[in-house]
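Have a look at the structure below before the remarks.
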């Protein structure tokens, strides 16, 4: 069985270099249908979960976008979880070649934040595609399609996602990977020069469909547990930029859960670059990496959206 890393973000957001343009011209017919939300979970269960949480950790205001400083990532995450989400969609900025010596967002999430979700989350959907060889040459062709983007990423990214799945399982949180059908592979191959765009859409659809099945199962079993999605910080946008709507499962899962959906982007400060992709982010002009290097910065730039910036690496 061959594992293929499919995250295509070279920094935060699309930043896709030779990948999709800032406003890709994708046909409207590719827009997936919005599913109907399942039965609303028990509000009593949500209240009990909220009451079981410790008091809101002390924080220090740091400016616009409800900026707050915390002593640790764990205390910042507890603030986010106060909203009692049903889906926590975590997005990261992937490690690029040459930065392997800096602890990644994946490793920090696995070591510091994932343990807080033990007994609270039921499942973890990871943006890792598994190719089992059943689809022949189409699998190899799709692997070639993604090379212009993944070639700039650190080779350790794939292994870190595998270790994340193993740690999740050890905590009692069932991990899942994405398993495209042969038709999915064929669609990417047939897209030709727009193969990356088709692959991004496929990632979005597979993640949304898998998360919805898990949510339906949880509702059937009368358990109001959290479903966590982990991948690149574009597919999780609750309010995607114009032109990128089909690349994000945020709006669909937000509707599916009756707005119990949270977007949480994890940022390693050393990975932030002074380029157009980063400058386009709403929190970028409000973050001063020199001001509080030992603190965690938490932004809340929009309803249902958080940005957690880790302290400077030691």
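Just so you know, all these numbers are worked out from the coordinates, no wet-lab data involved. Since we're looking at a predicted model, the values are computed, not measured. No Cβ is skipped: glycine too gets one built from the backbone with ideal geometry, and neighbour counts run over all protein chains shown.
In nm, what is the difference between 0.36 nm times the number of residues separating residue 64 and residue 179 and their Cα-Cα distance? Each step should come with its number before you reach the end.
Details: separation 115, 0.36 × 115 = 41.40 nm, distance 4.08 nm.
Extra length available between residue 64 and residue 179 comes to 37.3 nm.
Could you work out the percent of alpha carbon pairs in the range 236-290 separated by over 16 Å, rounded to a whole number?
On the way: 807 of 1485 pairs.
Summing the P(r) of the range 236-290 above 16 Å gives 54 percent of all pairs.
A crude spin-label estimate for the pair residue 302 and residue 280, with each label 7 Å from Cα along the Cβ direction, gives 1.3 nm. Fewest-first ordering of 284, 230 by other beta carbons within 10 Å of each residue's beta carbon gives 284, 230. Footprinting exposure proxy ranking of 310, 249, fewest other C-beta atoms within 10 angstrom first, gives 310, 249. For the range 109-234, the Kirkwood estimate of hydrodynamic radius, built from reciprocal distances between every pair of different alpha carbons, is 15.8 Å. Taking 17 Å as the cut-off, the amide N atoms of the range 207-236 that come nearer than this to a point 7 Å along the Cα-to-beta-carbon line of residue 118 belong to 226.
Note on the range 160-289: Cα-Cα pairs beyond 21 Å make up 53% of the total pair count. Remark: 71, 132, 184 ranked as 132, 71, 184, counting other beta-carbon atoms within 10 Å and listing the fewest first.
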